[in-house]
1. Taking the Cα centroid of the stretch 228-244 and of the stretch 150-202, what is the distance between the two, rounded to the nearest whole Å?
2. Going by alpha carbons, how many degrees (0 to 90, nearest 10) lie between the helix axis of 229-245 and the longest principal axis of the chain?
3. Calculate the all-directions average of the projected area of the stretch 101-193's alpha-carbon convex hull, and give it in nm².
4. Determine the sum of side-chain charges near L265: Lys and Arg each +1, Asp and Glu each -1, restricted to other residues whose C-beta is under 14 angstrom from that of L265.
5. Give the angle, between 0 and 90 degrees and rounded to the nearest 10, that separates the Cα long axis of helix 130-139 from the longest principal axis of the Cα atoms of the chain.
6. Sticking with the crude label model, points 7 Å out along Cα→Cβ, report the distance from A114 to A197 in nm, one decimal please.
7. If you fit an axis through the alpha-carbon atoms of helix 287-298 and take the longest principal axis of the Cα set of the chain, what angle between them do you get, 0 to 90°, nearest 10?
8. Using alpha carbons only, how many angstrom separate the centre of the stretch 58-133 from the centre of the stretch 254-290?
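Taken together, the values in this text are just the output of simple stated rules run on the coordinates, not laboratory data. Note that this is a predicted model, so its numbers are computed, not measured. When we count neighbours, we look across all protein chains shown, and the Cβ atoms used for this are built from the backbone with ideal geometry, even at glycine.
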Amino acid sequence: MRLRLGTRASALALAQSRTVARALEARGAAVELVHVATQGDLDQARPFAEVGEPGVFVRALERALLDGRIDLAVHSYKDLPSRSPAELCVAAAPERAVPCDRLLARAASFDGAAGGVPLSQGARVGTASARRDALLRALRPDLAPQHLRGNVDTRLARLERGDFDAIVLATAGLDRLAASGGARPSPALRAIDLDPARFVPAPAQGALALQVRAADRASAAFVSALDHAPTRRAVEAERRLLELVEAGCQAPFGAYARPAADGALELFAVLERDGRLARARAAGHEPGSLAERAFEDLLSDGASA
């Protein structure tokens, strides 16, 4: 089978797509990578919320699928809006990488005694994420979150030259880049993975979505061999909650599901409304009903405001 795999041209997107391509080639496919520029790639100055509607890293790839220019799109699952065109489907979610966020700090600003966000008083923290901004402000009101966009190389360079005291990035992205020979943080920086039950990541963070045309049954069937059932189940709960909250990719909202006892899932969620961070925790076996219980808990904790 021949597959045209659509991907963004960033170093991280290419690292992710090449991993998927190798897995498909191992199953006998001939894979061609097709670079597609997205709105989020073209505008790297403004905050995401100002660039456009949710899906700034996704819509151009979806249009390429709908137009028949590619057969498969590889997305960071967290970038995929809760609603996509009905003509498309996610054929597979491969095994998830580490879902948490990683704090990278200059040594002088790292404070291991400071608890969940180990930074010195008043540290300047670079982030482009409304969720991370809200969590930082809630957990450490003394910190100073500041706007930071650009690719991973750019963000690391700005941290290392002193524009910020620390930055927060997805652990999965950093690890995938490092594994592909890409950007690595300086050994002089201090790094710590933040507890995802407390510093709750974006829904589906660390997971990939392999999207195809629903009518292309041959491609869907072939790609589905890469699906990882535990990952899909956890992501289903997180994204169902995203749909209930109706939060775009830049809303201050996080959701994280992990395996619990007896095959159940444990779901953690945070949602900011009017400067207040509501939290929820629920456990259960069915992802949809689990998300609904977490949503009710968020509302009862004040998020309905």
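1. With the stretch 228-244 and the stretch 150-202 each reduced to a Cα centre, they are spaced 25 Å.
2. Taking the Cα atoms of the chain, the angle to 229-245 is about 60 degrees.
3. If you wrap the Cα atoms of the stretch 101-193 in a convex hull and average its projections, you get 5.3 nm².
4. After counting each charged neighbour, the total is +2.
5. 30
6. Label-label distance for A114 and A197, simple model: 2.4 nm.
7. Around 30 degrees separate the two axes.
8. 18
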